[in-house]
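Just so it is clear, none of the values below were taken in a lab; they were calculated from the coordinates. A quick note: this is a predicted structure, and the numbers were derived from the prediction, not measured. For neighbour counting, all protein chains shown are included, and Cβ atoms are generated from backbone atoms with ideal geometry for every residue, glycine included.
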Amino acid sequence: MNRRYLVRRLLQVLPAVASILIVTFAIVHAAPGDPVVAVAGESGNQEYYAFMRAKFGLDRPLPQQFVTYSANVLTGDLGTSFAQGERVSTLIAERVPATLLLMGSALALSTVGGIVLGALAARRPFGPFDLAVSTAALVGYALPVFWMAQLAMLTIAFRTGWFPVQGMTDARANWTGLHHLLDVGRHLALPALVLAASEVALITRMARTGILAEMDRGYVTVAQAKGLSATGALVHHALRNALLPVVTVVGTRIGFLFSGAVLVETVFGWPGLGRLVLSAAQTRDHPVLLGMVLLVAFSLVLANLVTDLIYARVDPRIRYR
Amino acid sequence: MSTLASATADAAAGAGPVAAPHRWRAALHRFVRHPAGMVGLALTTLVVVAGALAGRVTASDPFRTAGDPLLAPSRAHWMGTDNLGRDMLTSVMHGAKTSMVVVLGVTLLASVIGLAVGVVAGYRGGWVDDLLMRITELFQAVPRFFLVLLIVALFGAGLDNLIYVLAFTSWPTLARVARAEVLSVRDRDYVEAARSIGASDRRIVLRHVLPNVLPTALVVIALTGSRIILLEASLSFLGLGDPTVMSWGYLVSNAQRFLRVAWWMSVFPGLAIALAVLGINLMSDALNDVLAAYSKAPRSARWRRRRSRPASLPAQLPVR
C-alpha cells in the first residue's frame, strides 16, 4: 500500500464526518418547536433547558451553534437521556457489547454460510440446487427480520424447547466460567441465526456471481489443464479473487446488521441496543435516537475505512491513478 | 418544434433507442410472458384489492371489537381474533390499505425528487452536477433506518409526516441511477442532432433523454416501493407508526406477547408483509429483464447477461 493512497483515503473521512454532522444538525434544527426540546427532551424543567441551551450554545448564532454541536459530538458528549436520566454515551456504551456479540456472530455465520452456498450453487448454474438457493434468497429478501424472529420462535424454539427465547443468560442459574459461556451461547444461537439468515441471501448471490466470473478466467483453465479438479481449482485459485467483493461490502452490511440487530433484539429480549432504541422510540427520547444515528453513521465510516485499507493491502492494484 | 425535428433527430442517430411507443409495447409483450413477473403482478394485485376492499366488505373501523379475544381462525373469523377481540382479517386488510397509501405517496414523491435531481445533474453537468451530487452524498452518509427513527420521533408520527420522511430519505439511489443514465445518452448523436436543429433543452430532456432514463428508473422505483413496505413495517413495529391507522408492523409487534397462545396474530400480518414485498420484488425483477436489460444490449450480449445473472433476484440491496 503506498503512502499516497493511505493519505488520500484518510482524507476522505473528513467529508463523510462533516456530512453526518451537517445532516443531524440540520434535522434537529428543522424540527418544530424549540431546538432545546430536541436536544434535551420534553422534560419541561426550565433550569435544565437553560443549562442545555448554554451547553449547546443554542442562544448563539447558527454557525457558532454548529461548531459547539460538532465539538460536543466529536468528544462523545451527546447530552442526557430525558427518559432514563443518564448520559446518552453511557447508556449506549453499556449496551454496545451485547449488540456487537450478536452482530459479530451473525456476520461470521452469514459470511461463511453465504460463501459455501454460493460455491455449491455455482457448481451447476441454473441446476436444481442453484434454483433452490435463488428461490430461497428471493423469499428471504421479502421477510421482515422481526417477523422471521417470531417465526423462529414459533417453529423452532417452542416446538423443540432447546432454545431459550428471552434474554442473554438464564436468570435462575448463576453460572460462571465455561458454563456461563455455554449459557450465553444457547441464548445467542437463535437470534444470531435469524440475523444471519436475513443477510445470507446477499452474500450467497455475490459469492455465486464472483465464483462464476472467476472460473471462466484463463488461470483457472490452466490450473485445470494441469490436472487440478474443478473443486481444487476453485479452492486454491479462484476463491481468493472471487471473494474480494464479498469482503468489500462488509462496510455496507454493518448498517443493515445494526438495524437488523435492533429489531431482532426487540423480539428476543437481547439486552443490547435494541431495547434502548425501542424504549427511546416509544418515549420519543430524541437524545438517545440522535446518539444511535451518530453511532451507526460513524461505525459505517470506520468500517468502510478499515475495509478499504485491508483491501488495498491485500490487492496491490488498488491505488489512486 | 414540429415532429419533423425529432424524426430527423431519430434518423440521424440511425436505429436510435427513441422509438418509444414501440419499445414499451414490446416490453409489455415480454412482461406478460415473464412467469415470475406475472406471479409478482398477481401478488401485488391481491394486496391492492385487499386494501381497496378494506372498510367495504369488512368493518370500517379495524380497532372495533368483533368477537371474543384470542379466537383461533374459524369460519366466522378467517384469521382469528386478537387479544382485544378485534378481527384479524379486518386488521390485515386495513393494514394493506395503509401500506398502499404509504408506498404510493412515497414512491411518487421520491420519484419526482430523484428524477429531477438526477436528470438535472446529469444533463447540466459542471457545478450544478457537483452541487447536487454532494447533496445526494450528504443524505447517503447517514444510516437511513436510524435517521428515519430520529426524524419521526422529532416531527411526529402522523401518516402524512411518515410519507414525507420516507420520501425525503428515499430519493438518493434513484437520483444517482438517473444521473448515470443521463450521462450515458447525453452525448449520443441523436441528442446532438436534436440540439443542432435548435431543439430547446426542455424538449431534448423530455423527448430524448427522459424516455431513455425511464426503463431503469422504473426498476429502481419498484425496488424503492418494496423497501418502503419493509421500512414502514419496521417503524410501526417499533411503535413509531401512525397510531390512528392499522398497520402490519403494529400487528406483528402486538402479537409478540401472545406468541405462545395465538400464532395467528403473528403469522397472518407477517405473511401479508412478505407477500407484498415479494410481489413487488418479482415485478421489479421482471421489469429489469424486459426493460433495462433489453433496451441497450445487442442480442448476443443480452444472452450473456441473462446467463451470468442469478435467476430472479432483485438487482439491489434490500434495506430492512
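The figures follow:
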read-out	value
Radius of gyration, Dmax [the protein assembly as shown; alpha carbons; angstrom]	26.2, 85
Average projected area [Cα convex hull, region A:95-282], square nanometres	13.1
Charge dipole magnitude, Cβ of K and R +1, D and E -1 - region B:30-298, Cα centre, debye nearest 20	320
Backbone HN-Hα couplings from phi across region B:174-189 [Karplus 6.51/-1.76/1.60, Hz, Gly and Pro as x]	4, 4, 5, 5, 4, 4, 4, 5, 4, 4, 6, 10, 4, 9, 5, 4
Sites residue A:26 and residue B:124, calculated FRET efficiency, Cβ-Cβ separation with R0 22 Å, nearest 0.05	0.35
Cα-based Kirkwood hydrodynamic radius, region B:183-260, one decimal, Å	16.2
Under-5 Å amide H pairs with residue A:78, H placed in peptide plane, nonlocal only	A:88, A:89
Whole-Hz couplings from phi, Karplus 6.51/-1.76/1.60, listed for region B:116-130; x for Gly and Pro	4, 4, x, 5, 4, 4, x, 6, 6, x, x, 5, 4, 4, 4
Whole-Hz ³J(HN,Hα) from phi, Karplus 6.51 cos²θ - 1.76 cosθ + 1.60, for region A:261-268, glycine and proline x	4, 4, 6, 5, 4, 4, 6, 8
Scattering profile of region B:32-173 at q = 0.14, 0.15, 0.18 Å⁻¹ [log10 I(q)/I(0), Debye over alpha-carbon scatterers]	-0.87, -0.94, -1.08
Chain lengthening between residue A:225 and residue A:311 when straightened (0.36 nm per residue, less Cα-Cα)	27.9 nm
Relative contact order of region B:93-206, pairs being alpha-carbon contacts under 8 Å that are 6 or more residues apart, as %	40
Degrees between helix A:62-74 axis and first principal axis of chain A (Cα, 0 to 90, nearest 10)	60
Region B:30-298, relative contact order [Cα under 8 Å, separation at least 6], %	27
10 Å-binned pair-distance histogram of chain A (Cα, whole percent)	5, 20, 25, 24, 17, 7, 2, 0, 0
Proxy reagent accessibility, fewest Cβ within 10 Å first, across B:271, B:238, B:71	B:271, B:71, B:238
Least to most buried among A:273, A:100 (fewest other Cβ within 10 Å first)	A:100, A:273
Förster-model FRET efficiency, 22 Å R0, residue B:52 and residue B:32, C-beta, rounded to 0.05	0.45
Separation of alpha-carbon centers, region A:67-126 and region B:95-133, rounded to whole Å	29
With 10 Å bins from 0: P(r) over region B:30-298, alpha-carbon pairs, percent	7, 25, 28, 21, 11, 5, 2, 0
Charge-dipole axis of the protein assembly as shown as Lys and Arg at +1 and Asp and Glu at -1 on Cβ define it, positive-most pick from A:225, A:148, B:133	A:225
Separation of the residue A:123 and residue B:68 label points, Cα + 7 Å toward Cβ, nm	5.4
Sequence-separation-based contact order of chain A, relative, with Cα cut under 8 Å and 6+ spacing, percent	26
Debye log10 I(q)/I(0) for region A:90-204, one point scatterer per Cα, at q = 0.12, 0.21 Å⁻¹	-0.53, -1.19
Computed E for residue A:50/residue A:10 - FRET, C-beta separation, R0 45 angstrom, nearest 0.05	0.65
Order of B:248, B:171 under a 10 Å beta carbon neighbour criterion, fewest first	B:171, B:248
